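Participant: The structure follows.
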Amino acid sequence: MSTPPATSATTDTSVITATLQRARSYLVSLQSEDGWWKGDLETNVTMDAEDLMMREFIGLRDPKDTAAAARWIRSQQREDGTWANFYDGPGDLSTSVEAYVALRIAGDAPEAPHMQAAAAFILAKGGVEEARVFTKIWLALFGLWEWDDLPVIPPEIIFLPPKVPLNIYEFGCWARQTFVALTVVAALRPGHPIGFTLPELRTGIRPPEPKLSIWNWSGRFAIANKLLLKYEHLAQSGLIRNTVRELALGLTERWIVKRQEADGSWGGIQPPWVYSIMALYLRGYPLEHPVIAKALEGFDRFMVRENEMRWLEACQSPVWDTALATIALADAGLQEDDPVLVKASNWLLGQEVTVRGDWAVRKPDLPVGGWAFEFANDNYPDVDDTAEVVLALRRARLGDQRAVDAAVARAMVWVKGMVSQKGAWGAFDADNIRELLYELPFSDFGAVIDPPSADVTAHVVEMLAHEGEAESELVQRAIGWLRSEQEEDGAWFGRWGVNYVYGVGSVIPALISAGVSGEDPVVARGLDFLRRHQNEDGGWGEDIRSYDDPSLRGQGHSTASQTAWALLAFVAAGRADEDAAHRGAQFLASTQLESGGWDEPYYTGTGFPGDFYINYHLYRLVFPVSALGRWCSALGIDLGTGIPARSLVQPAPTPSR
């Protein structure tokens, strides 16, 4: 895509300020009485299908709720009979299989037209035989797949100490909790009768057996799986079951129970939550047991009910949303003593994590501190949230400023201690980089490790710079890492947001905050990437498939959140008066809804690159408010009154490079 030509068009700043005022008012109106914000977190129907299957498995499936969930699943089916993992994406085999099975459980007949359409797609993609391992585990739970045809996931892995390769702490925290619970389920090999089979989804063609070889890791793991299968048969009966296996199951059970969060969840996310419930249920915990009861009660708080339908949030993001909203409103002109910001900051202050979690396995001497993503997730604070919360707390003036300073000081120590050996940061753990885990036969469900990323590192650099540490060796080393991670076309990979637009929109403001010049070649290349990929409507967008298809880098339908990320980069680099920035602001003004928000069906959040994506419903509001607020400030527009300092602003021409 070529760089848009310079234009002589002018920007009516009264339109932009009116846009910002509406958006600001709308965002304020969404604040809870306690001070937090939380947008819905939309993913795909596997969340709802697996919730329905879990409730069938443990004998807690309510007919009314089943009907509501089934209506939602049907509503997400596309005309071609498929279900996708993100808006306007391709049909996904495993997602479609799980949705189909859930609808069969709900009573939909295989002869129904929508079911036949789904079955036709599934067969065309190779049938259930080609589904992912996790989908086949769900089928095995109901006797629809053979346990012996699944990779062995032995609970004895709990015995491996943290310094031994392939121990549980080498998995990213989300994968770790899921995997540990699955070891119990797979070891006990349950078979819940369900009353139907799935011949309509089978091709009869078995996938090829993994090649047994000592010359590569996938071959070695295939050999190991053969040996583990023999061990598994021994562990199902006799002495091994009564000693080693039972000890492993007991240790694993206690590990799971210990990590239940105050809200009943595990990690505040769906995958380990459903598997932990089933694991404990299989270990003999009745539904009335306090651990199970709290878990099920917590799930109800993750349900979104609308139009006689029910869908499940895979996670909730109140800490993240509140930090971003606080920053956005401060950018948009709210003063530091405004009650809205004070209330939000007080709530954030109360969410500080004060207990040791799994991160301490690798950092045993590091003091506690920081913030998590969810309402109650003490076991898993994360670096990204902590950085944004610190930035947010500095935008309000609280009565007890000493409490703020103390919390920020603790967070700074914790974040600094979580730096990787490369001088950068991952989200939840330090140096969680064992890529060998992807060769394991069951690691086909997405990201399983948590390596340093440009976006998280950028947020930390920005936070440390704002705390006066721009010249520190730690920050300078991180800047060097960010420079090294810039790709040939000027972009940075976006781990937690889609994708290269998010990477550039995160890194450039951080570099500028840390004292890097807007004329620095690394900044110039990043801005050139954005210029080349600006859409004709003035906005920016990037298709999720850019994670798999390099030709889609920076390209896609314009969205409010991605346009805001790009605009933030231009403003930070001192280019607010450039044509590209004006056109971005105009796009946001022209696409705003009467409510003050923006419509954004496209997913711009990332869970697992290439596999799992998120539509954060508040992204479409908080980032435009931040971007427009900073853009107006850079151009001398009075955000307090909304009166522009100059009625018309002439955009500077796009520099040629």
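We did not get these values from a lab; they are worked out from the coordinates using the rules stated. If you're wondering where the values come from, they're calculated on a predicted model, not measured in any experiment. Cβ placement follows ideal geometry from the backbone for every residue including glycine, while neighbour counts extend to all protein chains displayed.
Participant: How are the C-alpha pair distances of the stretch 344-450 spread across 5 Å bins, as whole percents from the shortest bin up?
Facilitator: For the stretch 344-450, the pair-distance distribution reads 2, 12, 22, 21, 16, 12, 8, 4, 2, 1, 0.
Participant: Considering the options Pro90, Gln21, Met54, tell which one lies farthest towards the positive end of the dipole of the stretch 1-109, charges being +1 on Lys and Arg and -1 on Asp and Glu at the Cβ, about the Cα centre.
Facilitator: Working it through, the farthest residue towards the positive pole turns out to be Gln21.
Participant: Where nothing but the Cβ of Lys and Arg (+1) and of Asp and Glu (-1) is charged, how large is the charge dipole of the stretch 75-126 around its Cα centre, in debye to the nearest 20? Working shown, then result.
Facilitator: Details: 3 positive and 7 negative charges, 23 e Å.
Dipole magnitude for the stretch 75-126 comes out near 100 debye.
Participant: Would you please give the FRET efficiency between Asp405 and Asn307, computed as 1/(1 + (r/R0)^6) with r the Cβ-Cβ distance and R0 = 60 Å, to the nearest 0.05?
Facilitator: Working: r = 47 Å, r/R0 = 0.79.
Step by step, r from the Cβ atoms, then E = 0.80.
Participant: I need to check one value: relative contact order of the stretch 142-283, counting alpha carbon pairs closer than 8 Å and at least 6 residues apart, in percent. Display every interim value, and only then the final one.
Facilitator: On the way: 134 pairs, mean separation 48.8, N = 142.
In percent, rounded to a whole number, it is 34.
Participant: For the stretch 511-650, just say rounded, prolate or oblate: build the C-alpha gyration tensor, square-root its eigenvalues into a ≥ b ≥ c, call rounded for a/c under 1.5, and beyond that prolate if a/b exceeds b/c, oblate if not. Display every interim value, and only then the final one.
Facilitator: Values: a/c = 1.90, a/b = 1.28, b/c = 1.49.
Oblate, because a/c is 1.5 or more while a/b does not exceed b/c.
Participant: Also: Length gain on complete extension for the stretch Lys230 to Ser633, per 0.36 nm per residue less the alpha carbon to alpha carbon distance?
Facilitator: Values: separation 403, 0.36 × 403 = 145.08 nm, distance 6.78 nm.
Length gained between Lys230 and Ser633: 138.3 nm.
Participant: Dipole of the chain (Lys/Arg Cβ +1, Asp/Glu Cβ -1, origin at the Cα centre): which of Leu398, Ser626, Gly423 lies farthest to the positive side?
Facilitator: My answer, from the dipole projection, is Gly423.
Participant: Can I ask one more? What ³J(HN,Hα) values, in whole Hz, does the Karplus curve 6.51 cos²θ - 1.76 cosθ + 1.60 give for the stretch 207-218 when θ = phi - 60°, with x put for Gly and Pro?
Facilitator: 3J(HN,Hα) across the stretch 207-218, in whole Hz: x, x, 5, x, 6, 8, 8, 8, 8, 8, 5, 4.
Participant: Please report the spacing between the Cα centers of the stretch 381-419 and the stretch 431-455 in Å, no decimals.
Facilitator: About 28 Å separates the Cα centre of the stretch 381-419 from the one of the stretch 431-455.
Participant: Also, I was wondering about something else. Please work out how many pairs of lysine residues in the chain are eight or more positions apart (or on different chains) and have Cα atoms closer than 14 angstrom.
Facilitator: For the chain, qualifying lysine pairs total 4.
Participant: Could you calculate the FRET efficiency of Glu473 with Thr197 from 1/(1 + (r/R0)^6), where r is the beta carbon distance between them and R0 is 60 Å, rounded to 0.05? It would help to have the intermediate numbers written out before the result.
Facilitator: Numbers: r = 63 Å, r/R0 = 1.05.
Here the calculated transfer efficiency is 0.40.
Participant: Taking 0.36 nm per residue of sequence separation and subtracting the Cα-Cα distance, how much length would be gained by fully extending the chain between Glu111 and Asp520, in nm to one decimal?
Facilitator: Numbers: separation 409, 0.36 × 409 = 147.24 nm, distance 6.33 nm.
Between Glu111 and Asp520, full extension yields 140.9 nm more.
Participant: Also, quick follow-up: Considering only C-alpha atoms, what is the centroid distance from the stretch 120-141 to the stretch 521-546, in Å?
Facilitator: 38 Å
Participant: A further question follows. Alpha carbon centre of the stretch 285-335 versus the stretch 23-45: separation in Å?
Facilitator: Measuring centre to centre over Cα atoms gives 11 Å.
Participant: Residue separation times 0.36 nm, minus the C-alpha to C-alpha distance between Ala376 and Asp80: what's the value? Don't skip to the answer; put the middle values down first.
Facilitator: On the way: separation 296, 0.36 × 296 = 106.56 nm, distance 3.99 nm.
Full extension from Ala376 to Asp80 adds 102.6 nm.
Participant: Given contacts defined as C-alpha pairs under 8 Å and at least six residues apart, what's the relative contact order of the chain, whole-number percent? Present the calculation step by step, with values, prior to reporting the outcome.
Facilitator: On the way: 1191 pairs, mean separation 120.8, N = 657.
Relative CO of the chain lands at 18 percent.
Participant: Ranked from highest to lowest mean number of other Cβ atoms within 10 Å per residue, what is the order of the peptides 545-556, 316-327?
Facilitator: 316-327, 545-556
Participant: Right, here's the next one. Set Lys and Arg Cβ to +1 and Asp and Glu Cβ to -1, take the dipole of the chain about its Cα centre, and tell me which of Trp266, Leu251, Leu437 lies farthest positive.
Facilitator: It is Leu251, whose Cα lies furthest towards the positive end.
Participant: Okay, moving on. For a paramagnetic label modelled at 7 Å from the Cα of Ser590 toward its Cβ, which residues of the stretch 516-552 fall within the zone defined by backbone nitrogen distances under 18 Å?
Facilitator: 531-542
Participant: From the helices alone, meaning DSSP H stretches of at least four residues, give me the mean residue ellipticity at 222 nm for the chain, per-run term -39500 (n - 2.57), in deg cm²/dmol to the nearest 500.
Facilitator: Value at 222 nm, helices only, nearest 500: -14500 deg cm²/dmol.
Participant: Treating the beta-carbon of each Lys and Arg as +1 and of each Asp and Glu as -1, no other charges, what is the dipole magnitude of the chain about its Cα centre, to the nearest 20 debye?
Facilitator: Values: 58 positive and 87 negative charges, 247 e Å.
That gives a dipole near 1180 debye.
Participant: OK, next. I need the calculated FRET efficiency for the pair Leu436 and Thr10, taking r as the beta carbon distance and R₀ as 60 Å, to the nearest 0.05.
Facilitator: Working: r = 57 Å, r/R0 = 0.95.
In this case the efficiency is close to 0.55.
Participant: Further, regarding this structure: Using +1 on the beta carbon of Lys and Arg, -1 on that of Asp and Glu, and nothing else charged, what's the dipole of the stretch 43-162 about the Cα centre, debye to 20? Intermediate values should be presented prior to the final figure.
Facilitator: Details: 10 positive and 19 negative charges, 59 e Å.
Rounded to the nearest 20 debye, it is 280 debye.
Participant: Also, I was wondering about something else. With no solvent and one equal point scatterer placed on each C-alpha of the chain, evaluate the Debye formula and give log10 I(q)/I(0) for q = 0.07, 0.08 Å⁻¹, two decimals.
Facilitator: Treating every Cα as an identical point scatterer, log10 I(q)/I(0) equals -0.47, -0.61.
Participant: Near the amide H of Gly607, under 5 Å away, which other amide H atoms are found, from residues 5 or more places off or on another chain, if H is placed in the peptide plane?
Facilitator: So Gly607 has HN proximity to Phe612, Tyr613, Ile614.
Participant: Order 113-120, 207-214 from most to least packed using the mean count of other Cβ atoms within 10 Å.
Facilitator: 113-120, 207-214
Participant: Treating each Cα of the stretch 218-315 as an identical point scatterer and ignoring solvent, apply the Debye formula and state log10 I(q)/I(0) at q = 0.11, 0.13, 0.22, 0.23 Å⁻¹.
Facilitator: For the stretch 218-315, the Cα-only Debye profile gives -0.49, -0.63, -1.06, -1.11.
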